[in-house]
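Beneath this line is the structure, given in structure tokens, with notes to follow.
The values are calculated or read from the model by the stated rules, or taken from the named source; none is laboratory data. Keep in mind that what you see is a predicted model, and the values were worked out from it rather than measured. In this analysis, Cβ positions are derived from the backbone assuming ideal geometry, glycine residues included, and neighbour counts consider all displayed protein chains. Each accessible area value is taken on the protein alone, full model and side chains, heavy atoms only, with ligands, DNA and RNA left out. Shrake-Rupley method; radii C 1.70, N 1.55, O 1.52, S 1.80 Å.
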Amino acid sequence: MTSVETKVREVQHFINGNYEASSDQQTFEVKNPATQEVIAVVSEATEQDVEKVCQAAREAFENGPWRTMTVAERCAKIRRMAEIILERKEEIARLEAADVGKPYSHAVAGEVPRAAQNLKFFADFMEQQGGETYPMEDAYINYTRYEAVGVAGLITPWNAPFMLTTWKLGPCLAAGNTAVIKPAEMTPLSVSLLGEIAKEAGIPDGVVNIIHGKGSVVGTAITKNTDVDLISFTGSTATGKAIMRNGADTLKKFAFELGGKAANIIFEDADLEKAIPVSIQAAFLNSGQVCLAGSRILVQRSILDTFIEKYKAAAEALVVGDPQAAETKMGPLVSEEHFKKVKSYLEIAKEEGATLITGGSTPELAPHLKDGYYLQPTVYLHEDPKARICQEEIFGPVVTIIPFDTEEEALQIANDTQYGLNGVVWTENLKRAHRISHGVRAGTIWVNCWFVRDLRAPFGGFKKSGIGREGGHHSLEFFSEAKNICIALN
Ligand code: ADP
């Protein structure tokens with residue numbers, strides 16, 4: 001398959017074990033962002049369809065075999081899903097490249113295997129879980145059980161659709177819940193396959209459901225639905241706030257992973273041989289459409305000139321092109337609307353007096369990509385950490401280098417943000433690495449590395465970057481209700 005898709009796919013909802021169209025037959029189109037070619041026609045759900053899918057998930061939870069089957073049996077089926085994903089990984093990665101515009105090489109070697117790992121990890125992890133006992137001398141004994149909550153709404157974004165959906169689905173299913181998945185309307189293709197994958201793996205009908213449509217309609221209807229007990233959401237901070245408001249009347253349980261504007265702090269003793277290539281990744285992976293992007297690069301002034309020279313050369317060497325081509329390191333932005341938003345920051349940077357180091361326009365492209373939403377890797381230098389380009393989440397291949405003099409100043413700039421998802425520190429000084437790691441107010445700190453994930457570790461944000469934590473027991477606790485049973489012994 002090349003970037004020139006010949007077949008327009010038809011994508012439908014997956015409700016109670018079957019793919020089906022919307023009740024009013026409405027559809028919307030999905031385009032390949034590298035070419036603007038229509039690659040899919042997708043069913044667009046009505047509120048009535050949302051009602052139906054939530055009822056199906058409720059019925060499967062209350063009266064189906066899923067939550068009462070043995071943990072071993074349940075987890076074997078989830079592991080089978082993981083195996084099928086690996087068997088189909090090229091196909092899924094091709095879809096993700098066509099739909100999101102992310103390089104196939106990254107999808108096939110990174111995100112799709114990680115998606116399988118998300119499911120396998122939580123299946124294995126669930127089998128290791130126990131509970132607590134609290135004896136009260138010889139008079140009573142308490143013991144705890146962790147039980148499924150009910151129906152989970154899993155609302156996921158467009159930047160890593162398959163990986164992020166399975167990251168929620170793994171613990172959701174392992175804990176015995178049923179799911180209503182709502183993928184982002186811009187990128188529904190890979191996630192849509194989870195229906196048939198679940199069915200083939202022997203997951204009972206109604207346990208995994210998928211519904212497509214606009215966030216404002218379908219996402220809102222799921223959030224307000226009385227059959228849905230909890231919402232796990234990854235996306236923008238603004239949408240997180242809307243979900244919280246809309247879920248208040250039905251008192252939903254929430255886990256939110258929201259925006260970020262991470263500081264990537266480069267001290268003068270950093271090993272630049274490592275810091276430069278990883279900081280390039282941290283800025284331009286997935287065209288910078290990564291909530292964990294290190295988009296504020298804080299550089300100690302004593303090495304500023306050297307850093308800029310090397311970083312500029314590395315940014316200019318990035319191969320931007322067809323997401324399906326093996327050599328491509330950066331593809332387009334996801335959509336016209338998002339492309340316009342990211343480009344508006346180039347104007348803002350100009351107005352704010354930032355110095356353009358490199359980028360800022362359309363890269364040279366093969367003729368078949370001339371309509372794609374492409375932007376060069378773009379790097380600014382700006383002295384003012386309060387500038388909009390240093391404060392707002394651009395979510396594109398646009399980063400700003402901000403100079404600092406002292407460690408205290410670096411920390412102050414790093415924390416001068418409404419976000420707190422992650423931070424990155426480059427130094428060879430062990431004590432400084434600890435000091436900065438403790439001082440940055442964010443949920444994950446990477447020292448001399450970036451994007452390294454242990455699925456047992458907590459993941460989530462301080463401040464406006466989220467509520468709650470995912471990963472390991474944190475995920476299982478979110479998807480479980482703790483129950484205490486107290487027994488009189490006399
Ligand atoms: P972005 O702003 O980066 O496009 P969003 O946070 O809007 O990201 O989207 C992430 C997910 O949230 C998508 O699946 C989208 O459809 C969904 N969504 C958008 N608005 C709402 C809403 N009001 N309620 C629930 N889900 C929503």
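Odds and ends about this structure:
- Separation of segment 417-444 from segment 295-328 is 22 Å, based on Cα centroids.
- Expected-Rg normalisation [2.2 N^0.38 Å, Cα atoms] applied to segment 239-309: 1.62
- Calculated FRET efficiency, Gln48 to Thr250, Cβ-Cβ distance, R0 = 30 Å: about 0.95 to the nearest 0.05.
- Accessible-area composition of segment 145-200, carbon plus sulfur, in percent [1.4 Å probe]: 49 percent
- Under conditions of 4 °C and 1.567 mPa s, the chain yields 55 µm² s⁻¹ as its translational diffusion coefficient, taking Rh as the Kirkwood radius over Cα pairs in the Stokes-Einstein equation.
- Treating r as the C-beta distance of Tyr143 and Thr70 and R0 as 22 Å, the FRET efficiency rounds to 0.70.
- Pairs of alpha carbons in segment 365-490 whose separation is greater than 23 Å (percent): 51 percent
- Estimated vicinal HN-Hα couplings, Hz - segment 349-363 in sequence order (Karplus 6.51, -1.76, 1.60; Gly, Pro = x): 4, 4, 4, 7, x, 6, 8, 7, 8, 7, x, x, 9, 7, x
- Flagged links, alpha-carbon separation over 21 Å, of Lys310/Lys350; Lys261/Lys341; Lys52/Lys224; Lys340/Lys386; Lys52/Lys77: Lys310/Lys350; Lys340/Lys386; Lys52/Lys77
- Stokes-Einstein diffusion coefficient of segment 263-454, Kirkwood radius over Cα pairs, 20 °C, 1.002 mPa s, in µm²/s: 128 µm²/s
- Accessible-area composition of segment 359-419, carbon plus sulfur, in percent [1.4 Å probe]: 49 percent
- Extension gain, Lys241 to Cys449: 0.36 nm times the residue separation minus the Cα-Cα distance gives 71.7 nm.
- Beta bridges per DSSP with both ends in segment 263-454, % antiparallel, nearest 5: 10 percent
- P(r) weight above 19 Å for segment 419-490, C-alpha pairs, percent: 50 percent
- Think of a 1.4 Å ball rolled over the protein heavy atoms: the chain then has 40 Å² of accessible area per residue.
- Using the Cβ-Cβ distance between Asp24 and Lys370 with R0 set to 30 Å, the FRET efficiency from 1/(1 + (r/R0)^6) comes to roughly 0.25.
- Rounded to whole Hz, the Karplus (6.51, -1.76, 1.60) HN-Hα couplings of segment 83-100, x for glycine and proline: 5, 5, 4, 5, 4, 9, 5, 5, 4, 5, 5, 4, 5, 5, 5, 6, 8, 8
- Computed 3J(HN,Hα) for segment 219-231, one whole-Hz value per residue from the Karplus formula 6.51 cos²θ - 1.76 cosθ + 1.60 where θ = phi - 60°, is x, 5, 5, 5, 5, 8, 5, 6, 7, 9, 9, 8, 10, glycine and proline marked x.
- Over the chain, relative contact order from alpha-carbon pairs under 8 Å, at least 6 apart, %: 18 percent
- Relative to the longest principal axis of the Cα atoms of the chain, the long axis of helix 112-127 makes an angle of roughly 40 degrees.
- Descending Cα extents along the principal axes, segment 5-123, whole Å: 48, 39, 17
- Shape category assigned to segment 312-386 from the gyration tensor of Cα positions, a/c cut at 1.5: oblate
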